[in-house]
Every structure is written in C-alpha cells, then in structure tokens.
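Before any comments, here is the structure.
The values are calculated or read from the model by the stated rules, or taken from the named source; none is laboratory data. Computed from a predicted structure; not experimentally measured. Cβ placement follows ideal geometry from the backbone for every residue including glycine, while neighbour counts extend to all protein chains displayed. These area figures cover heavy atoms from the full protein model, side chains too; ligands, DNA and RNA do not enter into them. Shrake-Rupley method; radii C 1.70, N 1.55, O 1.52, S 1.80 Å.
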Amino acid sequence: MKSIRFFVSSILILAVVSALWIASDRAMAQERESGGTIIVDGLNGPQGVLTIDDGSVWVIDVGLGGDEEVEVGGLDPNTNEIIRATYGNTSRVMRVIPGGQPQLVATLPSIFLGSDIVGGARLALLNNEMYATAGVWQGVASEEALPDTAAVLRVLQGSVLEVVPLWKLEKELNPDGHVLESHPYGLTAGPDGLLYVAEAGANTLVQVDVVSQTAKVVAVFDGIPGPLPNPYRGGALESDPVPTGVTFGPDGRIYVSLLPGFPFLPGSAKVVVVDPVTGGAEDYATDLTMLTDLRTGPDGELYAVRFGIFTDEGPIPNSGAVIRVGEGETSQDVITGLPFPTSVDFDINGNAFVTINGASVGEPGRGKVIRFEGVAVQGAPSIRFVESATVSQQEPEFVTGCSSLPSYDEVKATLERVVADGNNGGLGNHMWATVVDRDGVVCVVAFSGANRGSQWPGGRVLSVQKANAANAFSLTSLAFSTSNLYAATQPGGNLYGLDDSTPLDTATAYAGPASDYGQTGDPLVGEMPGGWSRSGGGLALYSASGSLVGAIGISGDTSCADHIVAWKVRDALQLDFIPAGVSSSADDNIIFDLQPDGRSLSGFGHPRCGFDEERFTETLPADFPIGSAAEAGQ
C-alpha cells in the first residue's frame with residue numbers, strides 16, 4: 001500500500017524507538033509556553049478537525065478496527081506476513097458546541113490492517129452539509145471495496161451516506177500508473193461549490209461534485225526524489241508524493257501539501273500550487289517535513305502541520321508542529337513541541353485547534369483536540385506546547401450524589417418493564433438492579449419480581465459489584481462496561497490483577513434486615529460497599545450534558561442477558577450519552593471475540609453465554625442507540 005505501508009505502519013513502529021526530545025528547528029524570535037485547552041479527548045487516532053461558523057468544533061478519528069475479519073491481501077511490512085484485517089464501525093465523527101461536551105454524531109468503518117488502522121480522515125462543510133473522507137482500498141484486496149470505504153461520505157445524524165466511491169475512480173483510471181490504491185485524505189470545499197480531495201493513495205487531487213455524485217482527477221503528482229529504490233514505482237529512486245492537505249489560498253489558487261512517503265527525509269516535503277485547468281503543479285514552499293494538513297487561516301496565511309521529525313533511530317518525540325507557510329524556504333513554526341499532530345483549523349478569531357496523538361492507535365483514548373489562543377493573528381509569538389500545562393475548560397462539572405440519578409420508583413418500574421418485555425436472551429429470570437453515584441455510593445437497590453426471593457438472592461450483591469466496577473473504571477472520555485473488563489483482567493491482559501485490588505466490604509454488603517433488601521430502605525443505600533465484577537451487566541451512566549453521574553449494575557441471569565437488560569434500562573432512563581467505547585460500534589457494548597485459546601482479538605472480549613444472547617447484543621446499538629446531540633437538545 002503506497003500511503004499505508006510507508007506512512008502509518010512505519011510511524012507506529014518507530015514511535016516507540018526513540019526517547020529523545022528537541023525543540024522546534026525553526027522557532028520565531030518570540031516564544032511562549034502553553035498547554036492549550038483540551039476541547040476533545042479520548043480519541044482513537046484523530047485525523048481531522050474542523051471549525052464552523054456556529055462556533056462548533058468537529059473532529060474525526062480512525063477508530064479501532066472491529067470484530068469482522070476481511071480479506072485485503074498484501075503483506076504486513078513489519079512482519080512480512082499476510083495481513084490479517086478486521087473491520088467495524090469504530091471510526092467516529094464528534095461535535096462540540098461552545099460550552100458543551102463532545103457528542104457522537106456518526107460512526108463509520110475502521111479497518112485494522114495488521115499494524116495499521118485506517119478510518120475517517122477529514123471533514124468539510126459544503127452548503128450546510130458535512131462531508132468526510134474515509135478508508136483505504138487497493139487492487140490486491142478485491143475488485144470492490146467495503147461499504148463506505150475509500151470514499152467521500154455525507155455525515156448524517158447517526159449515520160453516513162456514501163456520495164462518491166473514489167476507489168472506483170482509481171480502479172478505472174489509475175492516473176499515476178503505479179499501484180492501484182485509493183486513500184481519500186485531505187478535504188476542502190471550494191468556492192465553486194465542489195469538494196476537493198487530496199488522494200494520498202492515488203497521488204492525485206480529485207474534484208467531487210456532490211450533486212451529480214461524480215468525480216474527476218484535477219492533478220497527478222510526480223514522485224519525490226529519494227535515496228531508496230521504490231518497489232511500488234518500478235524501482236525508481238523516489239518516494240510517493242502522498243498528498244495530504246488541500247486548501248484555497250486568498251489568491252483563489254489551489255494549494256496542496258505533500259508528505260512524502262518512506263523514509264520521511266527531513267526537508268523532502270513541500271507545498272505545491274495547482275493549476276485547475278492544466279493540472280500542472282509548481283513548488284510553492286519547500287524544505288518542509290512530513291506535512292499532514294494544510295489550511296488557510298483567517299489572516300490569509302497558509303498553515304501546515306508537521307507530523308514529526310524522523311531520524312535513523314525513529315521519530316523525535318514532540319517534534320510535531322504547526323507551520324506558517326511561506327514561499328520558498330521562508331516557512332516558520334508557530335506551535336512546536338506537539339506529539340504526532342495530524343490536523344489544524346482556525347476559528348474567526350485566529351485561535352488554532354490541533355489534533356494530537358494521531359498515531360495513538362492501539363492505545364485507545366490518547367488522542368485530543370487542543371485549542372491555542374491567538375495563533376493566526378498578525379505579530380503573534382510562537383507557542384511551545386507543554387503537555388503537563390494543559391488544562392481543560394470542557395471537563396463537565398463533577399456531579400455526584402443520588403439527586404442526579406433516577407429514583408427508586410423509576411428504576412424499579414423500568415426494570416420490571418424491560419424484564420417483562422423479554423427478548424433478553426438467557427434464562428428469562430427476574431433481575432436485581434443497583435445504581436451508584438460517581439463516588440460509588442449506593443442510591444437504589446431494586447428487583448423485578450414479586451418479592452426478594454423471585455430472583456437469585458446472590459444477584460443482589462453481584463449487581464452492586466457490577467455497578468461499582470462500571471463506575472470505577474469509566475471516565476468522562478471513555479466508557480467501560482463490566483463485560484469489557486473480562487479479557488483485560490485475564491493473565492497477560494492490561495488490567496490483570498484488578499480482581500485483587502477492589503475487594504467487597506462484605507459486612508456492609510450483607511447487613512440486615514434482609515426483609516429490606518430491594519426496598520427503598522435497603523441497608524446498602526447510602527453505603528459504599530465497593531467490590532468489582534468482570535461479568536456483563538454493569539454500565540456507566542452519562543447525562544445529556546456529558547457528565548458521568550454513576551453506574552447501574554444488573555444481575556440475576558446469564559451475564560450476557562444481564563448486559564442486555566442493563567443496556568435497555570439505561571436507554572429508557574436516558575442516561576446513555578456515551579462519549580466513546582472500545583466496541584466495534586464505538587460504545588461500551590459487549591464484545592464476543594475470544595479465540596479458542598482464550599485470547600481476545602480486541603483485548604476487551606467476554607465469553608459467550610450459550611443462550612443466543614449474541615443475536616440480541618449485536619443489534620443493541622441500532623435498536624437502542626446511545627444518546628445523541630439531537631436527543632440532548634444540542
């Protein structure tokens with residue numbers, strides 16, 4: 001793969017090699033330190049950020065792959081083995097309104113390719129409609145790409161719609177005459193009412209008409225001289241140009257940033273200006289390095305993103321930057337010290353919004369969008385990013401206490417209804433439910449049956465432990481259900497040993513009188529019994545404002561059925577505004593991916609329970625979708 005093979009995979013392997021740090025190689029005379037302001041965090045490989053006139057900030061990430069195996073062909077350059085790919089809708093488009101919390105708008109496909117993950121890339125607003133570039137496909141995989149892959153997509157509330165499949169254009173024309181590959185990346189809306197795409201796989205600039213749903217090639221970019229024979233370009237001593245960003249300058253001309261590919265030589269990247277009539281490309285700015293985005297600021301200047309500086313020993317940590325692009329070799333760094341930035345955009349006041357940790361695939365939740373004040377304004381000093389100084393003004397108010405949670409009557413009535421409606425898999429048993437606040441204090445204990453003996457007596461304390469665990473191991477940026485903890489706590493898992501760390505206070509859990517169990521006066525109410533569980537049935541509770549307000553635990557049947565009932569109860573209580581999760585649907589749904597040897601493909605799998613629950617769990621995100629911005633009135 002032209003762009004993936006030499007771009008993403010090499011970055012991921014090299015990113016852990018070096019422990020060096022240097023400051024920017026081109027700082028301006030005046031410099032100030034800033035941690036910026038976190039606008040969005042908990043992202044999985046963020047690739048694109050967009051600000052629009054209503055003040056909202058949009059971001060798109062690549063996701064985590066998925067559970068479905070797909071054939072893509074080719075060899076993993078890091079292992080030299082056939083790529084084993086998995087696929088799922090874990091790439092996300094998210095939106096933040098001024099003063100609000102991130103809300104999930106839609107999910108789209110993400111493909112894990114052995115050591116790479118590719119999903120959503122960039123966003124653009126055209127005629128008040130949001131569009132995205134997404135995915136990659138190549139000829140060694142198959143004639144037809146997966147749905148919504150290697151395409152321009154229209155982003156709707158809760159879904160995406162394929163507008164133009166750019167893989168089809170590459171397959172039919174192969175404009176550069178080399179490897180058949182389509183990787184739509186950079187995206188901008190032109191003044192002519194058309195979209196323009198920097199095609200990182202096809203090495204072209206493409207024009208897209210969303211009305212007629214057609215596309216045409218505007219320019220084909222030549223290879224960049226390099227020190228190594230490139231097997232994908234007939235052995236020529238050149239790198240793929242890899243166009244990554246496209247923008248219209250204040251002069252109305254089209255500017256495109258070129259990466260180029262492996263070995264990422266410092267100074268080999270550049271910005272070119274394209275003639276839309278002839279398709280000719282002339283150098284505008286040179287002696288740049290690893291450009292991943294290009295924008296026009298409100299001050300009329302061009303700005304680019306440097307992903308990092310690579311040496312023979314790997315990437316220099318925190319060597320990413322935002323650059324003010326000047327003609328020839330006059331470009332200057334304006335924000336330095338960034339860890340793997342991928343995209344930048346500006347609001348009308350010249351404040352910069354930058355995505356960082358764009359190579360954090362495999363480490364869920366490390367990606368962020370950071371706002372830096374007063375960047376695209378005349379005379380502004382350069383900024384050195386200091387991550388330890390970063391503060392968040394978007395963190396929701398810490399909300400705790402039972403007053404922020406549903407009452408006993410609400411929980412009991414909802415539980416009874418969900419159990420009575422059935423279609424939950426399992427044995428069809430009655431259930432216990434426990435709700436805890438953000439501090440782990442029990443607020444409600446209820447049951448669905450006629451009396452406390454109508455469901456397994458042991459389920460009461462199990463429901464408490466599930467609620468406590470889901471609350472204890474979820475954050476405002478990332479939700480973990482108790483089912484997501486199973487594989488992670490097995491030997492070799494990244495949470496191994498957790499079962500010994502949070503013991504249940506049995507004296508509190510089994511205090512009497514038993515006649516009050518499951519009633520408004522249950523002895524557990526107002527107590528903090530602790531405990532934990534790695535079985536399905538525990539889910540964190542998020543309000544419409546994005547606050548994590550506690551958790552619910554359900555027990556009384558198979559752990560898979562417990563999870564299903566918990567999901568439906570949370571949905572009915574309207575406390576399911578999940579920011580992100582590790583499942584293929586980017587939420588905290590249960591994952592069934594344990595292999596015969598017990599290994600989980602995702603690292604967060606749970607055993608099947610054997611009562612056809614999988615049939616119900618796989619449709620939960622569609623039948624009982626998590627809360628959206630529309631539901632929140634935003």
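For D345, tell me the accessible area in Å² from a 1.4 Å probe, rounded to the nearest 10.
20
Could you please put K466, K168, K412 in sequence from largest to smallest accessible area, using a 1.4 Å probe?
Largest accessible area first, the residues go K168, K412, K466.
Pick the calculated Cα extents along the principal axes in Å for this structure from (1) 102, 62, 51; (2) 96, 62, 47; (3) 83, 51, 48?
Entry (3).
Once the whole set of protein chains is in place, how much accessible area is left on Y232, using a 1.4 Å probe, in Å² to the nearest 10?
Here the accessible area works out near 60 Å².
Can you compute 3J(HN,Hα) from phi for each residue in region 274-287, using the Karplus curve 6.51 cos²θ - 1.76 cosθ + 1.60 with θ = phi - 60°, rounded to whole Hz and x for Gly and Pro?
10, 7, x, 8, 8, x, x, 10, 10, 4, 10, 10, 10, 6
I'd like to check one number: the per residue accessible area of the chain, probe 1.4 Å, reported in Å² as a whole number.
Value returned for the chain: 37 Å² of accessible area per residue.
Skipping prolines and chain starts, which residues have an amide H placed within reach, meaning under 5 Å, of the one on G337, given they are 5 or more residues away or on another chain?
Counting only residues 5 or more places away or on other chains, the set is S24, G320, F385.
Amide H of S91: which non-local residues (sequence gap of 5 or more, or other chain) have their own amide H closer than 5 Å, using H built in the peptide plane?
Close amide H contacts, sequence-distant or interchain: L64, L108, S110.
Taking H as built 1.01 Å from N, whose amide H comes closer than 5 Å to the amide H of V40, not counting residues under 5 places away?
For V40, whose amide H was placed from the backbone, the distant partners under 5 Å are V369.
In sequence order, what are the phi-derived ³J(HN,Hα) couplings for region 326-332 according to the Karplus relation 6.51 cos²θ - 1.76 cosθ + 1.60 with θ = phi - 60°, rounded to whole Hz, with x for glycine and proline?
Each residue's phi maps through the Karplus curve to give x, 5, x, 10, 9, 5, 9 Hz.
Using Cα positions and a limit of under 22 Å, work out the lysines in reach of K568, with same-chain residues fewer than 8 apart set aside.
Once the sequence-local lysines are set aside, what remains near K568 is K412, K466.
For region 585-631, which GluC sites (Glu not before Pro) are both in a DSSP coil and crowded by at most 16 other Cβ atoms within 10 Å?
E618, E631
If packing is taken as the average count of other Cβ atoms within 10 Å, what order do 144-152, 120-128 fall into, highest mean first?
Working: 144-152: 22.0, 120-128: 20.4.
Answer by packing, highest mean first, reads 144-152, 120-128.
On the protein heavy atoms, probe 1.4 angstrom, tell me the percent of accessible surface of region 401-536 carried by carbon and sulfur.
Ligands and nucleic acids excluded, carbon and sulfur reach 51 percent.
Could you order peptides 323-330, 555-562, 476-483, 349-356 by the average number of other Cβ atoms within 10 Å of their residues, highest first? Mind showing how you got there, number by number?
Working: 323-330: 16.6, 555-562: 28.4, 476-483: 26.8, 349-356: 22.9.
Per-residue Cβ counts within 10 Å, averaged per peptide and sorted highest first, yield 555-562, 476-483, 349-356, 323-330.
Per the 1.4 Å probe, what fraction of the accessible area of region 215-333, in percent, lies on carbon and sulfur atoms?
Numbers: 2160 of 4370 Å².
Roughly 49 percent of what the probe reaches on region 215-333 is carbon or sulfur.
Give me the distance between the Cα centres of region 110-134 and region 229-304, rounded to whole Å.
Using only Cα atoms, the two centres lie 20 Å from each other.
Measure out, as a whole number of angstrom, how far apart the alpha-carbon centroids of region 520-559 and region 402-455 sit.
First find each Cα centre; the distance between them is then 10 Å.
Could you please tell me the mean projected area of the C-alpha convex hull for region 502-634, averaged over all directions and given in square nanometres to one decimal?
Approximately 9.9 nm², given one-decimal rounding.
Go ahead and estimate [θ] at 222 nm for the chain from helices alone: -39,500 (n - 2.57) per DSSP H run with n ≥ 4, summed, over the residue count, rounded to 500.
Details: 8 runs with 69 residues, N = 634.
The helix contribution divided over the chain gives -3000 deg cm²/dmol.
Give the relative contact order (percent, whole number) for region 222-361; include only Cα pairs under 8 Å separated by 6+ residues.
Result for region 222-361 is 15 percent.
Check the straight Cα-Cα distances from K171 and name the lysines below 26 Å, setting aside those fewer than 8 residues away within the same chain.
Hits, sequence-local ones excluded: K2, K216.
Return the sequence-ordered ³J(HN,Hα) values of region 509-526 in whole Hz as given by the Karplus equation 6.51 cos²θ - 1.76 cosθ + 1.60 applied to θ = phi - 60°, using x for Gly and Pro.
Computed from phi, the couplings for region 509-526 are 5, 10, 5, x, x, 5, 5, 8, 4, x, 9, 4, x, 3, x, 6, 4, x Hz.
Post the alpha-carbon centroid distance, region 328-379 to region 468-499, in whole angstrom.
32
Want the number for S142 to R32: 0.36 nm per residue separation, take away the alpha-carbon distance, what's left? Could you put the intermediate results ahead of the total?
Values: separation 110, 0.36 × 110 = 39.60 nm, distance 5.11 nm.
Length gained between S142 and R32: 34.5 nm.
Using a probe of 1.4 angstrom, how much of the accessible area of region 158-205 is carbon and sulfur, in percent? Present the calculation step by step, with values, prior to reporting the outcome.
On the way: 810 of 1480 Å².
Answer for region 158-205 is 55 percent, counting heavy atoms of protein chains only.
Based on the mean of other beta carbon atoms within 10 Å per residue, what is the order of 65-71, 264-270, 107-113, most packed first?
Numbers: 65-71: 18.6, 264-270: 20.1, 107-113: 27.1.
Top of the packing list down: 107-113, 264-270, 65-71.
Which whole-number percentage describes the relative contact order of the chain, with Cα contacts under 8 Å and a sequence gap of 6 or more? If you can, show how the numbers build up before the last one.
Working: 1839 pairs, mean separation 83.5, N = 634.
Dividing the mean separation by the residue count of the chain yields 13 percent.
Arrange the residues S407, S547 by how much accessible surface each exposes, largest first, with a 1.4 angstrom probe.
Numbers: S407 55, S547 10 Å².
Sorted descending by solvent-accessible area, the residues read S407, S547.
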